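K.L.:
Take this structure, written in structure tokens, and hold onto it; I'll ask about it next.
The values are calculated or read from the model by the stated rules, or taken from the named source; none is laboratory data. Predicted, not measured: the structure shown is a model, and the values here were computed from it. Here the Cβ is made from the backbone with ideal geometry for all residues, glycine too, and neighbour counts use every protein chain on show.
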Amino acid sequence: MFQLKFYALVLWRTRGVVPRVLRLLYLKDAEVLDYSPDAGELERFERTLIALSNAVERAKRDQDFRPKPSRLCGWCNHQALCPEFGGTPPPFPTAPAAGTPTDSEPDRLATPVRDDVVA
């Protein structure tokens, strides 16, 4: 349901209209899930998303990502990095220096390379 609520919120905020109905179709078994949101519900969901975003930003700022053990831990491939299993997490990544492009950000100031030009 989270996915449909998110789509409904995006549609409402970008188009100004609460969608009448959204439909999710599971291809494996053709199960259909319909969702008819109302503005009040979407406002509550938006507050939840904002709170979640604030919590993530706070965790990033404080570098505080504690393990949350669950029954899924038995299948996790990262136990060697998890303090819950006596592992050591990798160092927290540091931000690149201002103005330094990262691998995920293209260098917008660089001259594009063209291999169809002969000198």
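K.L.:
Contact list please: Cβ distance under 7 Å, first residue in the range 11-22 and closer than 16 Å to Ser36 by Cα, second residue aromatic (Phe, Trp, Tyr) and surrounded by fewer than 16 Cβ atoms within 10 Å (Cβ to Cβ), pairs at least six apart or on different chains.
P.N.:
Leu22/Tyr7
K.L.:
Now for a different question. In the set Thr88, Thr102, Thr48, Thr94, which member is polar (S, T, N, Q) and at pLDDT 90 or above? Break it down stepwise before answering.
P.N.:
Values: Thr88 fails: at pLDDT 90 or above; Thr102 fails: at pLDDT 90 or above; Thr94 fails: at pLDDT 90 or above.
None of the others qualify; the one that does is Thr48.
K.L.:
Could you grab me the full set of residues in the range 73-90 that are of a type outside the set (Gly, Ala, Ser) and either within 23 Å of the chain's Cα centre (by Cα) or surrounded by fewer than 12 Cβ atoms within 10 Å (Cβ to Cβ) (or both)? Show your work before the answer.
P.N.:
The first filter runs over the range 73-90 and keeps only residues of a type outside the set (Gly, Ala, Ser), leaving 73, 75-79, 81-85, 88-90.
Selection gives Cys73, Trp75, Cys76, Asn77, His78, Gln79, Leu81, Cys82, Pro83, Thr88, Pro89, Pro90.
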